[in-house]
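Q: Can you read through this structure? Questions will come right after.
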Amino acid sequence: MANANVGGSNVLNAIIKEYSKFISTDHCFKLAVTILLCGVTLIWWAYGGSSSSSGGDLADDKNSILKEADLQSLQTEDPSDDSDIDDDDDDDENKSQQTTSSSASSTIAAHPTNNLHKPITKCPTREKARAQGLVLYNKHWYNVSKFIAHHPGGSELLEQYLGTDITHVFHVMHRNPKQIMKYRKPVRGATEEEMEELLQRRNEVSQEMFDEYEEGVMTKSHAADFFNRERFNLEAFEKDAGELYEDFTKAGYTKPTFGFVAQKTALVLMFLFLSVLCMKCASSDDHQSIIATTPLSYIFPGIFLGLFWHQSGFLMHDAEHHNLIGNELVNDILGWLYGTVFLGVNGAWWREEHREHHAFLNAFDEAGFKDPQMKEDIWIQNANLIPFYGQELIHFLANFQHILFIPIIFFAGRIGIVVDSTLTERKFRPWTILGNVFHVLLHYAVLSQTSTPIRVYMAGACQFAVLSLQLLGNHHIKPWNNIHSASEGNFFVWQILCTQDFDTPIWFRWFYGGLNFHYSHHLFPTISREYFPITTPRIRSLCEKHGLPFIEVGFVECVTGMVTNMNEVKKEFAKHGAGTLSLVYG
């Protein structure tokens with residue numbers, strides 16, 4: 001027994017000795033520096049003002065999905081009978097009337113620097129159906145007034161499309177539209193007059209979007225890329241686009257292969273390994289090593305760490321789109337792992353904002369921004385957005401935004417989105433806190449392998465900035481539209497006019513994660529990015545056939561265009577400003 005106690009004591013002493021190494025002064029210093037860095041950036045971002053999207057909290061995915069019996073119980077009688085419309089519908093009607101009001105006294109209408117003061121054309125059929133809580137799907141009206149609050153994607157998404165024909169957007173935004181509609185019964189069929197009026201309105205909105213598109217900064221230089229509005233026929237285009245999506249789904253493009261997922265996961269882990277390996281090499285006793293004696297000692301590890309974040313972001317994107325694995329719960333878990341733990345960006349927060357980004361791409365209303373992922377508090381990328389910036393600090397920064405844009409992206413972008421995803425989360429989730437803890441522990445373990453953790457982190461942040469520029473560049477210089485009009489138009493036209501692709505060599509496509517094919521992603525969000533090289537040529541042919549633009553730009557050209565656009569918006573801002581610290585509304 002005594003020998004056993006001695007043996008146990010030796011094991012305990014060995015554990016304590018190893019633990020003492022772990023909590024050595026050097027490691028504690030590095031941990032303190034890491035925490036200090038996070039604290040300083042948190043304070044900076046809080047002072048600068050973090051972006052927050054408009055709208056109420058989204059319903060939790062798992063709790064908001066109604067049972068089949070509940071769906072059946074939501075069926076209503078013909079809404080033409082006023083007695084069948086409850087008080088909630090009246091509230092929705094009043095709210096929608098306030099939201100879509102085009103009175104000259106609104107904030108937008110008061111500003112003379114843009115076309116926001118143009119009165120919004122109201123479609124009588126749409127307004128009547130909106131008031132009754134109806135949406136049009138496959139030529140039939142469905143009452144969703146009681147389902148709005150339970151919509152898994154958030155109530156605001158459904159509210160914005162009330163009274164419109166949701167057939168196309170519903171198909172491409174849901175993986176199983178037939179199953180979803182299986183237990184819902186239409187209130188009635190749409191009349192020919194209603195269909196004709198809605199079609200006419202969609203045509204009008206498309207032409208308005210064409211006008212706005214032609215006035216863009218960079219788009220003028222690409223006007224010849226198939227864009228010919230005289231050839232455009234909305235009915236023929238809608239038919240072809242719908243058939244194209246059916247072809248993609250029948251071909252199985254909504255389901256990534258196991259090999260693709262395994263390959264991308266291995267790529268992520270490889271970059272993390274290379275980062276640690278470079279740190280080990282740089283901290284070796286071989287002082288003659290080139291890596292150990294030059295800035296490469298933190299540049300190489302930082303680049304690989306940035307690529308680890310970069311590629312983790314793409315996998316988070318897939319998982320939160322539920323495009324990675326067939327099971328939604330597994331997708332959410334993987335989104336948490338790749339996003340919150342690996343990348344440091346709250347996956348659930350990103351999912352909520354990204355849904356709105358797809359549904360409200362480059363859109364605003366009288367109250368402000370509707371697309372949370374294309375809006376930032378520290379610059380103004382479109383003249384239509386000037387009225388929504390009312391802070392003196394922003395007015396000052398806007399005068400130099402074309403100069404500050406790139407440095408902010410490179411030196412503050414990474415830290416900003418990490419902090420923002422935590423501070424602006426709409427709903428408290430314990431696993432988000434757990435993921436943040438794991439993220440800090442993982443990066444503490446990684447950065448402990450180098451004597452210059454801050455330099456490595458910032459080098460990684462600069463590399464990560466390329467991802468930020470890529471995602472911004474897909475939409476940044478494109479038109480912004482009023483959501484009330486845009487939701488009445490054609491979803492495919494809307495996405496095409498507000499998107500562009502990156503022209504990249506085949507051997508370098510992995511770097512952009514397939515999202516350089518952004519038309520494929522925004523037209524058909526349920527398609528796996530594994531198949532974008534296949535779907536993109538067919539989308540290009542679709543655009544060419546119907547006279548719609550299809551733009552591919554190089555990365556450098558895109559960044560140059562964004563800076564040029566910032567300068568143009570700055571000039572527009574200065575025309576209506578007084579000095580550098582105030583904005584005068586006309």
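Q: Only residues that are in contact with a Ser or Thr (Cβ under 8 Å, 6 or more places away or on another chain) and under 19 Å from Asn481 (Cβ atoms): list them for region 335-362, please.
A: Glu353, Glu356, Leu361 - these are the residues of region 335-362 that are in contact with a Ser or Thr (Cβ under 8 Å, 6 or more places away or on another chain) and under 19 Å from Asn481 (Cβ atoms).
Q: Can you pull out every residue in region 161-199 that is over 16 Å from Ala486 (Cβ atoms), of a type in the set (S, T, N, Q) and either in a helix (DSSP H, G or I) or over 23 Å from the mean Cα position of the chain (by Cα) (or both)?
A: Thr167, Gln179, Thr191
Q: For region 489-513, what are the residues that are open to solvent by less than 10 Å² (accessible area, probe 1.4 Å) and either among the polar types (S, T, N, Q) or at positive phi (or both)?
A: Asn490, Gln495, Thr499, Gln500, Gly513
Q: Does region 301-345 hold any residues that are under 18 Å from Lys255 (Cα atoms), part of a loop (DSSP other than H, G, I, E, B) and in contact with a helix residue (DSSP H, G or I) (Cβ under 7 Å, 6 or more places away or on another chain), and which are they?
A: Within region 301-345, His322, Leu324, Ile325 meet the criteria.
Q: Here is a follow-up. For region 129-145, which positions are assigned to a loop (DSSP other than H, G, I, E, B) and surrounded by fewer than 19 Cβ atoms within 10 Å (Cβ to Cβ)? Show your work before the answer.
A: As a first pass, look at region 129-145 and keep what is assigned to a loop (DSSP other than H, G, I, E, B): 132-133, 138-139, 144-145.
Correct list: Asn138, Lys139.
Q: So, of the residues in region 514-538 that are open to solvent by less than 10 Å² (accessible area, probe 1.4 Å) and among the aromatic types (Phe, Trp, Tyr), which turns out to be nearest to Lys239 (Cα to Cα)?
A: Checking each candidate, the answer is Phe524.
Q: Report, by residue number, each residue of region 146-160 that is assigned to a loop (DSSP other than H, G, I, E, B) and modelled with pLDDT under 85.
A: Just the residues of region 146-160 that are assigned to a loop (DSSP other than H, G, I, E, B), to begin with: 146-147, 151-154.
Residues satisfying the conditions are Pro152, Gly153, Gly154.
Q: Let me ask something else about it. Please verify whether region 355-367 includes one or more residues that are among the polar types (S, T, N, Q) and open to solvent by 10 Å² or more (accessible area, probe 1.4 Å).
A: Step one: list which residues in region 355-367 are among the polar types (S, T, N, Q), which gives 362.
Next, from what is left, pick out any that are open to solvent by 10 Å² or more (accessible area, probe 1.4 Å): none.
The answer is no; no qualifying residue exists.
Q: Within region 455-474, take every residue that is in a helix (DSSP H, G or I) and of a type in the set (S, T, N, Q) and give me the one that is farthest from Val553 (Cα to Cα). Steps first, please.
A: Step one: list which residues in region 455-474 are in a helix (DSSP H, G or I), which gives 455-473.
With the extra rule that they be of a type in the set (S, T, N, Q), the set shrinks to 463, 468, 470.
Details: Gln463: 20, Ser468: 16, Gln470: 11 Å.
Among residues in region 455-474 that are in a helix (DSSP H, G or I) and of a type in the set (S, T, N, Q), the one farthest from Val553 (Cα to Cα) is Gln463.
Q: Another question, then. Can you work out which of the residues in region 96-115 that are open to solvent by 20 Å² or more (accessible area, probe 1.4 Å) and closer than 30 Å to Glu238 by Cα is modelled with the highest pLDDT?
A: Taking region 96-115 as the starting set, the residues that turn out to be open to solvent by 20 Å² or more (accessible area, probe 1.4 Å) are 97-99, 101-107, 109-110, 112, 115.
So of that shortlist, the ones also closer than 30 Å to Glu238 by Cα come out as 97, 99, 101-102, 115.
Details: Gln97: 39, Thr99: 38, Ser101: 35, Ser102: 33, Asn115: 52.
My answer is Asn115.
Q: Out of Ser541, Ser451, Ser468, report the one residue that is surrounded by fewer than 22 Cβ atoms within 10 Å (Cβ to Cβ) and free of Cβ contacts under 8 Å to residues at least 12 places away in the same chain.
A: Ser541
Q: What number of residues in region 369-391 are within 18 Å of the chain's Cα centre (by Cα), part of a helix (DSSP H, G or I) and surrounded by fewer than 23 Cβ atoms within 10 Å (Cβ to Cβ)?
A: Qualifying residue count for the region: 2.
Q: Looking at (1) more than 15 Å from Gly306 (Cβ to Cβ); (2) without any contact (Cβ under 8 Å) to a residue 60 or more places away in the chain, which one does Leu274 not meet, given that it meets all the others?
A: (1)
Q: Going through region 292-347 one residue at a time, which ones are open to solvent by 10 Å² or more (accessible area, probe 1.4 Å) and among the hydroxyl-bearing types (Ser, Thr, Tyr)?
A: Those that are open to solvent by 10 Å² or more (accessible area, probe 1.4 Å) and among the hydroxyl-bearing types (Ser, Thr, Tyr): Thr293, Thr294, Ser297, Tyr298, Tyr338.
The values are calculated or read from the model by the stated rules, or taken from the named source; none is laboratory data. None of the values given here were measured: they were computed from a predicted structure. Every residue, glycine among them, receives a Cβ derived from its backbone with ideal geometry; neighbour counts consider all protein chains shown. Side chains included, ligands, DNA and RNA excluded: accessible areas come from the protein's heavy atoms. Shrake-Rupley method; radii C 1.70, N 1.55, O 1.52, S 1.80 Å.
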